[in-house]
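Peer 1: Starting off with a structure, shown below.
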Amino acid sequence: MTTRFKSRWAADFEALLRFKRSLGYRYARGEFTLREFDRFLLRSRAYQRRAECLDQAILAWLASKPHRKAISVSADASVLRQFCLYLRRCPGRSAVREPRWPRLPTESTFVPYILSKEDIRRLLQLAAQLTRPAFRAVLYRALLLLLYCTGLRFGEALRLRMRDVDTRAGVLFVEIFKGRARWVPFHRSLSQELDKYLAVRRAFAPAEPGDCFFVGINKRRLPVNTASETLRGLLRNAGLKPDRGRIGPRPYDLRHAFAGHRLTRWSRQGVDLQARLPWLSAYMGHDDILGTETYLTATPELLGLAAHRFRRRYLIARKEGSAGES
């Protein structure tokens with residue numbers, strides 16, 4: 001097995017991962033944090049030589065990225081706090097010193113940008129102008145439509161293989177990600193769009209069952225950074241995102257738009273949203289409704305529909321009450 005850690009704390013990092021996963025946690029985010037801290041320790045020889053400097057090393061690493069958001073630093077601090085707690089519970093390690101943890105927010109105040117249907121149409125128009133190479137226009141139109149129409153996570157879409165997408169049956173298969181694999185059905189109108197993409201894609205690059213569904217210039221796969229930067233460029237050209245800064249909509253907000261628009265459509269149909277939420281949760285690949293709550297953003301249109309339904313029920317109840325009194 002490849003060694004994940006190489007600093008003097010490598011064995012302890014591995015032990016913490018084994019402990020967490022023995023309890024059923026995937027702990028993927030925690031492993032990522034520990035890997036970064038491990039690399040920092042390797043670069044910082046002073047902290048690497050002296051075990052008693054762990055508390056100082058933690059604070060130095062947390063302060064080494066001054067431009068990160070406080071919520072991100074808080075997430076890293078949480079993992080290292082668990083590491084310190086684990087060490088102190090180990091025999092002979094009770095003297096491990098914890099740093100004076102900075103007071104940081106534990107909840108994000110981030111509000112997603114819910115793209116409108118007009119925004120989606122504008123992005124598709126701009127994607128059609130990606131002329132170099134010509135394959136890019138068809139590629140990013142298909143990617144935009146797939147993300148918006150199915151609500152797939154950005155990484156899930158880019159990891160799709162040719163064998164995972166069945167346009168005749170109107171269904172795609174998402175391999176295990178965040179604990180669950182799933183089948184995702186989609187409308188025949190998306191099937192028609194994906195068939196157009198596949199006709200160009202098969203002429204552009206090899207299309208064996210195990211090959212990537214979305215491919216870039218290298219004809220093998222579409223890199224995450226390339227796809228992300230291209231979509232961010234489209235968002236900027238559409239006037240939805242400023243030229244600089246980490247504000248405005250992100251490619252991931254297409255998933256938020258999918259959830260928001262689905263709730264709005266159900267509200268217009270007058271269905272019971274509480275009964276339908278488990279459907280949405282399963283479709284989006286969540287283990288429970290709590291994971292779906294992140295995507296339930298109250299847009300003005302959705303609030304207006306909810307207010308209308310409440311008023312209608314109130315008037316019906318009032319009318320029935322008056323009839324009962326008479």
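Peer 1: Please enumerate the residues belonging to the stretch 23-39 that are on the phi < 0 side of the Ramachandran plot and either open to solvent by less than 90 Å² (accessible area, probe 1.4 Å) or acidic (D, E) (or both).
Peer 2: Within the stretch 23-39, the first condition is being on the phi < 0 side of the Ramachandran plot, and the residues that meet it are 23, 25-26, 28-39.
Listed by number, the residues that qualify are A28, G30, E31, T33, L34, R35, E36, F37, D38.
Peer 1: Test E175 against the stated conditions and say whether it is open to solvent by less than 20 Å² (accessible area, probe 1.4 Å) and under 16 Å from the mean Cα position of the chain (by Cα). Outline the logic, then answer.
Peer 2: Working: open to solvent by less than 20 Å² (accessible area, probe 1.4 Å): no; under 16 Å from the mean Cα position of the chain (by Cα): yes.
Against the criterion (open to solvent by less than 20 Å² (accessible area, probe 1.4 Å) and under 16 Å from the mean Cα position of the chain (by Cα)), E175 does not qualify.
Peer 1: Also, quick follow-up: Which condition number in (1) modelled with pLDDT of 80 or more; (2) assigned to a helix (DSSP H, G or I); (3) open to solvent by 50 Å² or more (accessible area, probe 1.4 Å) is the one that Y47 fails?
Peer 2: Condition not satisfied by Y47: (1).
Peer 1: Return the only residue of S189, S281, S228 being of a type outside the set (A, V, I, L, M, F, W, C) and in contact with a Pro (Cβ under 6 Å, 6 or more places away or on another chain).
Peer 2: Among S189, S281, S228, only S228 is of a type outside the set (A, V, I, L, M, F, W, C) and in contact with a Pro (Cβ under 6 Å, 6 or more places away or on another chain).
Peer 1: Checking the conditions here, which among L104, L145 is open to solvent by 20 Å² or more (accessible area, probe 1.4 Å), in contact (Cβ under 8 Å) with a residue 24 or more places away in the chain and either in a helix (DSSP H, G or I) or farther than 30 Å from A60 by Cα (or both)?
Peer 2: None of the other options fit; the residue is L145.
Peer 1: In the stretch 133-147, what count of residues is obtained for those that are at pLDDT 95 or above and either among the charged types (D, E, K, R) or under 19 Å from A282 (Cβ atoms) (or both)?
Peer 2: So the count comes out to 3.
Peer 1: In the stretch 57-74, how many residues are of a type in the set (V, I, T) and surrounded by fewer than 17 Cβ atoms within 10 Å (Cβ to Cβ)?
Peer 2: So the first thing to find is which residues in the stretch 57-74 are of a type in the set (V, I, T), and the list is 58, 71, 73.
Next, only the ones that are surrounded by fewer than 17 Cβ atoms within 10 Å (Cβ to Cβ) stay: 71.
Of the residues in the stretch 57-74, 1 are of a type in the set (V, I, T) and surrounded by fewer than 17 Cβ atoms within 10 Å (Cβ to Cβ).
Peer 1: Further question: For the stretch 284-297, indicate whether the set of residues that are open to solvent by less than 10 Å² (accessible area, probe 1.4 Å), closer than 16 Å to T150 by Cα, part of a helix (DSSP H, G or I) and hydrophobic (A, V, I, L, M, F, W, C) is non-empty.
Peer 2: No: the stretch 284-297 contains no residue that is open to solvent by less than 10 Å² (accessible area, probe 1.4 Å), closer than 16 Å to T150 by Cα, part of a helix (DSSP H, G or I) and hydrophobic (A, V, I, L, M, F, W, C).
The values are calculated or read from the model by the stated rules, or taken from the named source; none is laboratory data. What you see is a predicted model; the values in this text were computed from it and never measured. No Cβ is skipped: glycine too gets one built from the backbone with ideal geometry, and neighbour counts run over all protein chains shown. Just so you know, the surface numbers come from the protein's heavy atoms only, side chains and all, with ligands and any DNA or RNA stripped out. Shrake-Rupley method; radii C 1.70, N 1.55, O 1.52, S 1.80 Å.
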